[in-house]
Amino acid sequence: MNFSSSDNRVQGIGVAPGVAWGPLVLLPGKIHSVPRRALSQGALDGEVTRFRGALEEAEREFRQQTIEFGGDLDEAERRIFDTHLHLYQDDVFREAIEKRIQDGKINAEAAILDEIQHLTGVLQGMDSLFRERQADIRDVGQRINRILLNQAQASLIGGTEPFILYARELLPSDTLTVDRTRLLGIVTELGGAASHVAILARAFDIPAVSGIRDLESRVRPGFTIAVDGTHGQVWLEPTAEQTDELEQARSRHLQERERWNVRASARARAEDEAGIRVLLNIENFEALRPEVLASIDGIGLYRTEFLFMGRDLFPSEEEQFEFYRGVVERIGDREVTFRIIDVGGDKPLSYLSIPKELNPSLGWRGIRLTFEWPDLLIPQLRALLRASRFGKVKIMLPMITTVEELRQAKELLSQLRDDLIKQGEDIPGLPPLGVMIEVPAAAMASEDLAAEADFLSIGTNDLGQYFFAVDRNNLQVARLYQPLHPAMLRLLKNVIDAADRQNTEVSVCGEMAGEAFPVLALMGLGLRRFSMSPSHVPEARWIMEMFQPDEAAALVNHLLDLKTEAEVRSLLQQAVQERSEASQS
Ligand code: PEP
Ligand code: MG
């Protein structure tokens, strides 16, 4: 148990910032055990039919709930729910359970449980990148079993009282049965910063802490629980004094956020003077708030794979062309960098069957996959070439490892342009073609890549994962993922300097590009183009307004020689603190 015995404060992992308190509600409706029955040979076909009926009903119920919540689902959720739909329709999954019923002569509930345990066990052993996929599998299994057991779906919809939710694990579809308008905060045992619970909590601006064990044994429903998602702490029945402190922390958080929102709504003058460009990473253009769109210099990473998800077939060239054209026309004279579909690894696509791999994140993903899948790559490139007539289209290649891959893509793009021209299309020129630096080998070959590419964009999420050999979703090793480690800074410097020497534009589009301390470090390393998720813009601009690039550079000079990430963080923190105190006084 991770409770401190002397006080009522519990340390967990903060996964979504903010402070809230209220009465505790335990997530109901979990099936903790299922009956296990031996069946006679004659009963097996009937049992398979019963299972198929429940599977169909589970898919129908799930679809219905997602439709009901449709307007509220954001891209991150859609991405998760696409995986669920895939499982409900997966013949291999269905047949494996049917085989367990037939071969084991057991009831459907037990067969499902066995198959779920088998699959999650395999994923655990294979590659922990799949930790979150295990939650999806358990989620789907729970739903089918609940239907088989005729249990009503427990729901936290209805009622009027706001509450703090505790669940050992919040499964993705649980969010469909919780009334978000009453949800003040979330506490879970399982789930790291990149887990479903974290993605959903951040999307809905709800403070959340995970890593809290045994809460049920310490409290009863209705107890007051306070959640500080910024510091990863939970209080059980906070005292009046603690509530005062929490109130202050809450208002500090709200004020800070308000300040950021105000900043985000106006394009910062300081940025222009320093030659800094703030770009966005997006998945869904429609979800962008107009004031955010108005305040940025363009789209630095459009994750086009989301256009391909949540459907049964590839979108056609024509459909893609209309879509890309719509985006570039609405963004006007600013740039849009479309990344070529990046699937494989941890990003499945239901209608693309990728053979099982022992190490998917080291396997057939990104450009490695699309080069061998012309049905996917060619219509997308043709659609982008055609859309480039209507605005500033840039094309970016994910997971590039070698210069040959870049050359192959360049050749293909130019060939496709010639074909289109022969077919009577008006294609002004070749749009800039850039590469993502996500693989350490590419980072070390960045000068060669910069010499032949039109731009580089450093994807620090994957680059960090491969550089430190750490899956960020694996809590066991997550502490070793250290984007501010001096070694990582030296690697980034290598790429930025190489691009500068070649006069090639370079940006960062990983999460680092929007977080306060990393933004300061990157500015100091000479970076001027930052592409970030919309929610990070205020935080990044806060730093960009406070520091001139040459001040950041002077600071970073000291960082490169340090030995640990903790030392780097503490120096950056000190600099930010001093500067923000000075600007407030
Ligand atoms: C990255 O890897 O840093 C990146 C931006 O790509 P994604 O997060 O989509 O993998
Ligand atoms: Mg990536």
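Report the far tail of the P(r) of the chain, meaning the percent of Cα-Cα pairs longer than 37 Å. Each step should come with its number before you reach the end.
Numbers: 64491 of 170820 pairs.
Summing the P(r) of the chain above 37 Å gives 38 percent of all pairs.
Once the Cα gyration tensor of segment 326-452 is diagonalised, what are the square roots of 5 times its eigenvalues, in whole Å and ordered largest first, as equivalent ellipsoid semi-axes?
26, 18, 14
Can you list which of the GluC sites (Glu not before Pro) found in segment 421-498 are DSSP loop residues with at most 14 other C-beta atoms within 10 Å? Intermediate results must be reported in sequence, preceding the final value.
Details: sites: E425, E438, E447, E452; in loops: E425, E438.
Loop-located and lightly packed - E425.
In which sequence would D418, D174 go, from the one with the fewest C-beta neighbours within 10 Å to the one with the most?
Details: D418 11, D174 21.
With the sparsest Cβ surroundings first, the list reads D418, D174.
Return the distance in nm (one decimal) between the two label points of a simple spin-label model at K563 and E425, each offset 7 Å from Cα along Cα→Cβ.
So the two model labels end up 5.7 nm from each other.
So for each of 134-145, 362-373, 89-100 I average, over its residues, the number of other beta carbons within 10 Å; can you give me the resulting order with the highest mean first? Display every interim value, and only then the final one.
Values: 134-145: 22.3, 362-373: 18.5, 89-100: 15.1.
Put in order of decreasing packing, that is 134-145, 362-373, 89-100.
For segment 426-585, take N as its residue count and report Rg(C-alpha) divided by 2.2 N^0.38 Å. Display every interim value, and only then the final one.
Numbers: Rg = 16.1 Å, N = 160, 2.2 N^0.38 = 15.1 Å.
Against the compact-globule rule of thumb, the ratio is 1.07.
Using alpha carbon coordinates only, what is the Rg to Rh ratio of segment 327-369, with Rh defined as the Kirkwood radius? Before the final figure, lay out each step's value.
Working: Rg = 14.8 Å, Rh = 12.4 Å.
Here the Rg-to-Rh quotient is 1.19.
Full extension from S316 to E581: what is 0.36 nm times the residue separation minus their Cα-Cα distance, to one decimal in nm? Mind dumping the intermediate values first?
Numbers: separation 265, 0.36 × 265 = 95.40 nm, distance 5.45 nm.
Gain in length upon complete extension: 90.0 nm.
Which FRET efficiency, nearest 0.05, do S33 and E447 yield, Cβ-Cβ r, R0 35 Å?
Numbers: r = 60 Å, r/R0 = 1.71.
So the FRET efficiency works out to roughly 0.05.
For the chain, what does -39500 (n - 2.57) per DSSP helix run (n ≥ 4), summed and divided by total residues, give at 222 nm, in deg cm²/dmol to the nearest 500? Each step should come with its number before you reach the end.
Numbers: 23 runs with 283 residues, N = 585.
Rounded to the nearest 500, the figure is -15000 deg cm²/dmol.
If the limit is 25 Å between Cα atoms, which of K392/K422; K105/K347; K99/K347; K99/K356 go over it? Walk me through the numbers before you get to the answer.
Values: K392/K422 23 Å; K105/K347 36 Å; K99/K347 28 Å; K99/K356 20 Å.
Correct reply: K105/K347; K99/K347.
For the chain, what is the relative contact order in percent, using Cα pairs closer than 8 Å and at least 6 residues apart in sequence? Let's see the in-between values first.
Values: 1015 pairs, mean separation 80.7, N = 585.
After rounding, I find 14 percent.
Any read-out appearing in this document is the output of simple, stated calculations on the displayed coordinates, not a laboratory observation. Keep in mind it's a predicted model, so treat the numbers as computed, not measured. Positions of Cβ are generated from backbone atoms using ideal geometry, with glycine treated the same way; all protein chains shown enter the neighbour counts.
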